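Every read-out reported here was derived from the displayed coordinates using simple, explicitly stated rules and does not represent laboratory data. None of the values given here were measured: they were computed from a predicted structure. As a convention, Cβ positions derive from the backbone with ideal geometry for all residues, glycine included, and neighbour counts pool all protein chains shown.
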Amino acid sequence: MEATKYKPGVELKARVLRKIAPIEERPLELMELSVPQPKPGEILVKVSVCGVCHTELDEIEGRLKAKLPVIPGHQIIGRVAGLGIGATGFKIGDRAGIAWIHSACGKCHFCKEGNENLCAEFQGTGCQADGGYAEYTVVAERFAFPIPEQFTDVQAAPLLCAGAIGSRDLRLSGIKRGQVLGLFGFGSSAHIVIQIAKYQGYKVFVFTSGEEHRSLAKKLGADWVGNIDDNPPQKVNCAIDFTPVGEIVPVALSVLEKGGRLVIAVIRKSTLIPSMDYASLLWDEKEIKSVANITRQDVKDFLLLAAKIPIVTEANEFKLEQANEALLLLKQVKVCGAVVLKIQ
Ligand SMILES: [Zn+2]
Ligand SMILES: [Zn+2]
């Protein structure tokens, strides 16, 4: 977005990041901008709800490079309010969702092989392209998703990143029937992943601090719940690390069974992974795998699965004006479940 767009217009309200700063400084500014116009093939979406994600903290605090200025937010539910030339997939008034994948080139070998999440030109919504902390946003219609009817806007928003990428994390863990899955950290994504894992019949052990998080994990069917460094009754065959710090990696490896895989779900860690003893933590054919971004197919597949299970999201609601406060509470681990902004 060119700087001129940030001259005070009066048509839409947005929370804008103009310079990197700790969230404690409340760097998201409330601004009034002009409504973006959909280009050919794009749709204009009037935003109803936008989910809040830990990745926004990484952008705001500079661990993940965003274009500046930028409107964050990549779990967007809204109604189509305008059609660019040639956009025919949605009608005015249709509900549409926008996820982390805002665009990819479609031509490179990653894109052609179904790995558009790894495209060098991958653009993240609310990071390289403006997102949903605003009353309106635009996206190419082929990167927008119809949302299953049964979900309200508030329930649906967290499905678009916490759910869809969480589902990719679970798939990439390689877990098999009869095995035990370990979840480290129990925020928005984990509270959805546990519902998929229980639906698919896996045993789930949850490692998390905070009594509220542990009781939500129990309520959602965890077979064992403990603190991050507690000893579980048996080793886990696969694990997903949702925590933002590097120190959890060796902790998770220490309870991983031989031949098991640890998936690191986050886009950035705020602290380094400490040096580790190879023999006791990684030998025995253990693996560590990261998860990068998401494909459109992941989102479509997950939305169908979410409707079938059905996933129930626990969402804490805030107003657009409270975006900084919501992110601060997320950083301080003072919210349990998902966090969403009700835009209008
Ligand atoms: Zn996210
Ligand atoms: Zn590509």
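If you run the Gaussian network model on the chain, springs between alpha carbon atoms under 10 Å, then out of Gly182, Gly114, Gly126 the most flexible one is Gly114. I'd like the orientation of helix 162-172 relative to the chain: the angle between its Cα long axis and the longest Cα principal axis, in ° from 0 to 90, rounded to 10. The two axes meet at around 40 degrees.
Normalising the average separation of contacting C-alpha pairs (under 8 angstrom, six or more residues apart) by the number of residues puts the relative contact order of the range 163-290 at 24 percent. For the range 83-176, the list of GluC sites (Glu not before Pro) that fall in a loop by DSSP and count at most 11 other C-beta atoms within 10 angstrom reads Glu113, Glu149. Charges were assigned to the Cβ only: +1 to each Lys and Arg, -1 to each Asp and Glu. The resulting dipole of the range 163-290 about its Cα centre is roughly 540 debye. Each Cα pair under 8 Å and six or more residues apart adds its sequence gap; the mean of these over the residue count of the chain is a relative contact order of 19 percent. The charge dipole of the range 242-318, taken about the Cα centre with unit charges on the Cβ atoms of Lys, Arg (+1) and Asp, Glu (-1), comes to about 260 debye, rounded to the nearest 20. The residues Met276, Met31, when put in order of fewest to most other Cβ atoms within 10 Å, stand as Met276, Met31.
Ordering Gly82, Val49, Leu328 by the projection of their Cα atoms onto the charge dipole of the chain, which places +1 on the Cβ of Lys and Arg and -1 on the Cβ of Asp and Glu, puts Gly82 at the extreme positive end. Label-to-label distance for Glu317 and Leu64 is 2.6 nm, based on points extended 7 Å past Cα in the beta-carbon direction.
Sorted from greatest to least, the principal axis extents spanned by the alpha carbons of the range 15-102 come out as 42, 23, 20 Å. If you look at the Cα atoms of the chain, you get an Rg and a Dmax of 19.7, 62 Å. For Val180, the residues whose modelled amide H falls within less than 5 Å of its own, excluding neighbours fewer than 5 places apart on the same chain, are Asn237, Cys238. Ranked by how many other Cβ atoms sit within 10 Å of their own Cβ, fewest first, the residues Ser280, Ser270 fall in the order Ser280, Ser270. Amide hydrogen proximity for Val52: with H placed 1.01 Å from N in the peptide plane, the residues at 5 or more positions away or on another chain lying under 5 Å are Val339, Val340, Leu341. Across Tyr278, Tyr136, Tyr202, mean-square fluctuation computed from a Gaussian network of the chain (C-alpha pairs under 10 Å connected) peaks at Tyr278.
Between Cys119, Cys161, Cys53, the Gaussian network model of the chain with springs among Cα atoms under 10 angstrom shows the greatest mean-square fluctuation at Cys119.
Ranking of Lys331, Lys289 by neighbouring Cβ atoms within 10 Å, starting from the fewest: Lys289, Lys331. Length gained on full extension, Arg177 to Ser209: 8.7 nm, using 0.36 nm per residue less the C-alpha separation.
Electrostatic bookkeeping for His213 treats Lys and Arg as +1 and Asp and Glu as -1; over the other residues with beta carbon under 12 Å from its beta carbon, the sum is +1.
Couplings 3J(HN,Hα) of the range 190-199, computed from phi: 4, 6, 8, 4, 4, 5, 5, 5, 5, 4 Hz, in residue order, whole Hz [Karplus 6.51 cos²θ - 1.76 cosθ + 1.60, θ = phi - 60°; x for Gly and Pro].
Rounded to the nearest 20, the Cβ-based charge dipole of the chain about its Cα centre (Lys and Arg +1, Asp and Glu -1) stands at 620 debye. Residues in the range 33-69 near a label at Glu11, defined as backbone nitrogen under 18 Å from the 7 Å Cα→Cβ point? From the range 33-69, the list is 33-48.
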